[in-house]
Amino acid sequence: MASIFISYGRGSVELVRELAGDLAAGEDHQVWFDQHLTGGESWWQSILEQIRRNDIFLFALSPESLRSEPCRLEYGYAESLGKPILPVMVADGIDSQLLPPALSAIQYIEFRNRSSQEAMALIRALRRLPCNPLPDPLPDPPPAPISKWSHIQEQLDAPEALDHETQTLLAGKLRDEVGRGDPSGYARPLLVLMANRSDLFVSIAQDIERTLAEHPPPSLRTDDDSHSNVATGGRSPGTWLALLGKCLGAAALGFPLGLVVAFLIQGERFLASATFWERDLWWYWVGGAALALLFFSMLGKRSVS
């Protein structure tokens with residue numbers, strides 16, 4: 001029976017929980033991942049201690065874990081300790097040719113489908129791994145990873161005025177992240193925090209205001225904004241149907257409205273005019289339809305407001 005440390009990205013926590021359950025049930029392995037940390041603990045020191053204490057370092061491969069700075073530091077430390085490292089593919093979206101050097105040299109195990117064949121392959125791989133003693137002396141532990149968002153918030157919370165270069169750099173980083181949809185969820189709140197600073201240069205304040213207006217928070221986005229608008233060039237199917245209905249209604253009302261306009265302009269003599277019925281009628285019809293369409297548009301604006 002081996003003790004196993006699992007390193008993973010936050011987006012894969014449910015998959016890792018299932019993986020840990022399968023390992024503990026199938027081979028009675030002792031499995032640790034950071035769900036066991038409790039409040040008040042020095043989380044990074046606890047993680048490093050668990051890497052040293054457990055026999056095997058299992059790296060749950062996912063796009064999130066490969067982008068994670070803590071995960072990178074964890075498997076780097078495990079490698080320096082001489083721990084056997086077993087990469088396990090738990091999610092799609094990874095090019096195996098672009099794995100970091102410490103992981104690309106090791107054959108990874110497939111576990112995306114959790115099939116019986118994949119489970120047996122994982123068990124066999126774990127059985128083959130040695131339990132190496134810790135080196136003496138121990139290598140220096142890596143420093144605790146500091147989030148880039150914490151660093152930016154520290155700068156924005158500082159009472160000192162920010163110069164133009166610093167403001168431009170911070171606004172650019174946050175704007176780019178918001179433009180990508182803010183996958184972390186931190187960039188937009190920090191951009192709002194920056195917008196409230198009293199020392200902002202006018203051009204930067206305007207740029208931030210424009211970015212926030214163009215990228216509203218998810219709670220304010222409609223389905224039409226995020227889906228149908230993309231497919232229909234900015235208008236939802238319901239909008240196109242409403243516009244078609246207005247056009248048909250305007251065409252239907254255009255004829256009687258055109259006759260009314262003709263009567264107001266020409267009086268009763270237009271009824272006996274051959275020119276009117278052969279030529280002018282169409283222009284009055286178009287004019288009447290335009291008036292009807294204008295009326296529908298104004299009515300629609302009033303209903304929205």
Seminar exercise, completed: When region 42-69 is checked residue by residue, the ones that are out of contact with any strand residue (DSSP E or B) (no Cβ under 8 Å at 6 or more places or on another chain) and under 18 Å from Pro139 (Cα atoms) are Trp44, Gln45, Ser46, Ile47, Leu48, Glu49, Arg52
Exercise. Within the group Leu81, Leu73, which residue is without any contact (Cβ under 8 Å) to a residue 60 or more places away in the chain, not aromatic (Phe, Trp, Tyr) and not assigned by TED's automatic domain parsing to the domain that holds Ser184?
Worked result: Leu81
Seminar exercise, completed: How many residues of region 114-137 are surrounded by 10 or more Cβ atoms within 10 Å (Cβ to Cβ) and among the polar types (S, T, N, Q)? The answer is 2
Exercise. Quick one: which of Arg124, Arg114, Arg180 is in contact (Cβ under 8 Å) with a residue 12 or more places away in the chain and among the charged types (D, E, K, R)?
Worked result: Arg114
Seminar exercise, completed: Within region 65-108, residues being basic (Lys, Arg) and at pLDDT 95 or above number 1
For this session: Mind listing whichever residues of region 1-30 are surrounded by fewer than 20 Cβ atoms within 10 Å (Cβ to Cβ), of a type in the set (A, V, I, L, M) and modelled with pLDDT of 80 or more?
Result: Ala2, Val13, Leu15, Ala24, Ala25
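The values are calculated or read from the model by the stated rules, or taken from the named source; none is laboratory data. Model, not experiment: these values are computed from the prediction. Backbone-built Cβ (ideal geometry, glycine too); neighbour counts: all protein chains shown.
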